[in-house]
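Colleague: Structure below; questions to follow.
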Amino acid sequence: MAAQKGKDLLLKVDTTGEGVFTTVAGLRARGLSISAETVEITNTESAGQWRELLTGAGVKSARITGSGVFKDGASDTTIRDYAFNGTVRDWQVILPDFGTMQGAFQITSLEFSGRHDAEMTFDISLESAGELAFAAV
């Protein structure tokens, strides 16, 4: 993947459950990490006693993080309500010139901060809550 502008990575949520995704915040920094736990199956007959792993058996998960400013009052309310209620919704992460990751996520952390001479900002973390789909560009 060639170099891309960080501002082009977008985070969107399906607020109605009808498959229409809306950008809910102006994220200034964001990230996506994908993990797969391993299942070790090493035994006394493993070649040279080297560790062996079972292909495709571990738990897969994804985490989205971001920080920024809310784009409007409705966005603030939506995110705040999802965090307080533990709501699981479909989200999209748009990775420019790479593809789109989509699936169910839950907000696991929402933090607010502000300085006396600047706007209020927030930090958010979302954890996957089901199977994710990836569509390449």
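Colleague: Could you line up Asp117, Asp72 from fewest to most neighbouring Cβ atoms inside 10 Å?
Modeller: Details: Asp117 5, Asp72 11.
So the residues, fewest neighbours to most, are Asp117, Asp72.
Colleague: Roughly speaking, what % of Cα-Cα pairs in segment 26-72 are separated by over 18 Å, rounded to a whole number?
Modeller: Working: 606 of 1081 pairs.
Of all Cα-Cα distances in segment 26-72, 56 percent exceed 18 Å.
Colleague: Output the 0 to 90 degree angle, nearest 10, between the alpha-carbon long axis of helix 73-85 and the longest principal axis computed from the alpha carbons of the chain.
Modeller: Approximately 40 degrees, to the nearest ten.
Colleague: Another question, if that's okay. Compare Val88, Val20, Val59 in a GNM of the chain, Cα atoms joined below 10 Å, and give the one with the largest fluctuation.
Modeller: Between Val88, Val20, Val59, it is Val59 that shows the largest mean-square fluctuation.
Colleague: Obtain the nm distance between the two label points defined at Phe84 and Val20 by a simple spin-label model: each point lies 7 Å from its Cα along the Cα-to-C-beta direction.
Modeller: Each label point lies 7 Å from its Cα, and together they span 2.5 nm.
Colleague: Please give the Cα centre distance for segment 82-137 versus segment 17-53, rounded to the nearest Å.
Modeller: 16 Å
Colleague: Now a separate question. What residue among Gly86, Gly48, Gly73 shows peak mean-square fluctuation when the chain is described by a Gaussian network model with Cα springs under 10 Å?
Modeller: Maximum fluctuation in the GNM of the chain, among the listed residues, is at Gly48.
Colleague: Return the long-range amide H neighbours of Arg89 (sequence gap of 5 or more, or a different chain), with a cut-off of under 5 Å between placed amide H atoms.
Modeller: So Arg89 has HN proximity to Phe105.
Colleague: Next question. If you wrap the chain's Cα atoms in a convex hull and average its projection over all directions, what's the area in nm²?
Modeller: Details: hull surface 47.3 nm².
Over all viewing directions, the chain projects a mean Cα-hull area of 11.8 nm².
Colleague: Right, something else. Over the chain, what is the relative contact order in percent, taking alpha-carbon pairs closer than 8 angstrom and at least six residues apart? Write down the numbers at each step before the final one.
Modeller: Values: 279 pairs, mean separation 33.9, N = 137.
25 percent.
Colleague: Next up: Can you give the calculated 222 nm mean residue ellipticity of the chain, where each DSSP H run of n ≥ 4 adds -39,500 (n - 2.57) and the sum is split over every residue, rounded to the nearest 500 deg cm²/dmol? Don't jump to the answer; show the numbers that get you there.
Modeller: Working: 1 runs with 13 residues, N = 137.
Computed ellipticity for the chain at 222 nm equals -3000 deg cm²/dmol.
Colleague: Taking the simple approach of a point 7 Å from Cα along Cα-to-Cβ for both Ile41 and Ala133, what is their distance in nm?
Modeller: 3.0 nm
Values quoted throughout were computed directly from the atomic coordinates according to the rules given, and no laboratory measurement underlies them. This one's a predicted model, so the numbers in the text were calculated from it and none came from an experiment. Methodologically, a virtual Cβ is constructed for each residue, glycine included, from the backbone with ideal geometry; neighbour enumeration extends over all protein chains shown.
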